[in-house]
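Below is one structure; the comments refer to it alone.
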Amino acid sequence: YVAAVYEHESVLSPSPAALVGRRAALELMGRNLDIYEQQVLAAARQGAQIIVFPEDGIHGFNFTRSSIYPYLDFVPNSLSGKWNPCREPYLFNDTEVVQRLSCMALKNKVFLVANLGTKQPCERAEPRCPPDGRYQFNTNAAFGADGALLATYRKHNLYFEDAFDTPPEPDYAFFDTPFAGKVGMFTCFDILFFEPAVNLIRQYNLKQIVYPTAWMNQLPLLSAVEFQQAFATAFNVNILAANIHHPTLGMTGSGIYTPVKSFIYHNMESYGGKLIVAEIPVITADYKTNLEKETPGRVSEKGNEQSPPSFYAEMMYDNFTFVPVWGEKGELRVCANTLCCYLSYRRAVLTDELYALGVFDGLHTVHGTYYVQACALVKCGGLSFSTCGQEVTDATALIDFQLWGNMSTPYIFPLLLTSGITLDFADHMGWKNNHYFLSKNRTSFGLLTAALYGRWYEKD
């Protein structure tokens, strides 16, 4: 099927904390919706059957609970498919944004997914009802090609969003399409947690995901395109990921991903939005990825080699234990807690770049709390050990490697990032003898990161 995602440079309120009326809020959102309208038309002309827009694209961010209120639409939570906002605008008050989105879908005959702020009144007697008598949700809405509201999803894992509430229970949201079957939805930070993302995919056996996000890139392990691709590979799903475009905030990186191929956009240099349109295969349940095949691999517990000295350095705000990757070839091992990581490598040409093999097995506590098991081969920022773990975007070294670790969780995200924030794909990966491995003969560009990023959800 043909899918489109739009990386949107949103028109932002100059003072999001200021209190404005509904009319001023609609005026600002209208400027973003005008751009959406052009992009839906452009995508439909290229044959797109579905288009996805980013998180916070319509209203922006950095609001307070009260300052976002005029920007919120009312969206009933349970009318899936029974209400067509474009054709029945009179059913509910405060639905101007939803109406416009519905009409874009209808007019261009495409499925459309957008993120907006919504409000729902609640009884103060309800235990979770906020003191002001209403819920405010960060919401994705999916519309059919006829304009009908098919499904809504309220973001569960908020990322420092004081304006919004966490829904009382996680939403498991998906909708049906004639071209790709069931399509699931979640938002941004949700991708790092079991609920609802992993549970949704597993319970409903979903193979297509739409993913609005407003993601601030963090190298070496959590660049948007790098993690979006890893998620598609790990769960054997297609992901349509739309990010916001604000390079000054480190926000860029959208794409259309299959487990074995990706169409991405990552641009920290220029301004303006970007439409990606791509044709991708529908994944059926019996489609096998590399993850499920037994593949050859030298996975052995090696003792007695002389490992170089280990050292500590901070990476992603976590204290990693590293060993330097010296010389043109070698075998390395580094351990922390219960996790041991192994690397066998050969460099095509020796360059004057320092690489290191790092391990972390513990609770990550900055900008969110979650348990990580990671084995990572990274290019360091300079030639001293203290630069390992820094954000690096360019590299020249071409390395053949096999990386493996005795991971304690089945949820492993294989990361492979190359120079200029481009993606590469492993030759082989999967489980062998209770170790997860990733191997690659010669990346196409210099290697930035090759990592096994494990999420041990039970220990969050």
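The values are calculated or read from the model by the stated rules, or taken from the named source; none is laboratory data. Keep in mind the model is a prediction, meaning the values are calculated, not measured. Here the Cβ is made from the backbone with ideal geometry for all residues, glycine too, and neighbour counts use every protein chain on show. The area values use the complete protein model at the heavy-atom level, side chains included, leaving out ligands, DNA and RNA. Shrake-Rupley method; radii C 1.70, N 1.55, O 1.52, S 1.80 Å.
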Sort by residue number and name the cysteines in the chain that have no neighbouring cysteine Cβ under 4.7 Å.
-> CYS188
dims of the range 108-190, Cα set, principal axes, largest to smallest, nearest Å -> 43, 24, 19
For the range 2-279, averaging the sequence separation of alpha carbon pairs under 8 Å that lie six or more residues apart and dividing by its residue count, the contact order in percent is 21
Give, rounded to the nearest 20 debye, the magnitude of the charge dipole that the chain has about its Cα centre when Lys and Arg contribute +1 at Cβ and Asp and Glu contribute -1 at Cβ.
-> 720
Taking only protein heavy atoms and a 1.4 Å probe, the highest-to-lowest accessible-area order of GLU353, GLU195 is GLU195, GLU353
For the chain, calculated [θ]222 nm from helices alone, where every DSSP H run of n ≥ 4 adds -39500 (n - 2.57) = -4000 deg cm²/dmol
What's the center-to-center distance, using Cα atoms, between the range 435-460 and the range 55-101 in Å?
-> 40
By how many degrees, between 0 and 90 and to the nearest 10, does the Cα long axis of helix 224-235 differ from the longest principal axis of the chain?
-> 80
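Rounded, prolate or oblate: which fits the range 2-279, taking a ≥ b ≥ c as square roots of the Cα gyration tensor eigenvalues, rounded meaning a/c under 1.5, else prolate when a/b beats b/c?
rounded
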Computed over the chain: longest principal axis from alpha-carbon atoms vs helix 96-108 long axis, angle to nearest 10 degrees, is 80
What shape does the range 30-103 have by the C-alpha gyration tensor, where a ≥ b ≥ c are the square roots of the eigenvalues, rounded means a/c under 1.5, and otherwise prolate means a/b greater than b/c and oblate the rest?
-> oblate
Please name which of VAL5, PRO70, GLY147 has its Cα lying farthest along the dipole of the chain towards the positive end, using unit charges on Cβ (Lys, Arg +1; Asp, Glu -1) and the Cα centre as origin.
-> GLY147
Percent relative contact order of the range 130-234, based on C-alpha pairs within less than 8 angstrom and at least six residues apart?
-> 19
At the level of C-alpha centres, the distance separating the range 354-401 and the range 219-277, in angstrom, is 20
Which lysines does LYS379 reach when only Cα atoms under 28 Å apart count, and residues fewer than 8 places away in its own chain are ignored?
-> LYS261, LYS302, LYS329, LYS432, LYS440
Residues whose built amide H sits under 5 Å from the amide H of TYR411, excluding neighbours closer than 5 in sequence, are ARG455
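Contour minus end-to-end for ALA125 and LEU12, with contour as 0.36 nm per residue of separation and end-to-end as the Cα-Cα distance?
Answer, rounded to one decimal: 37.1 nm.
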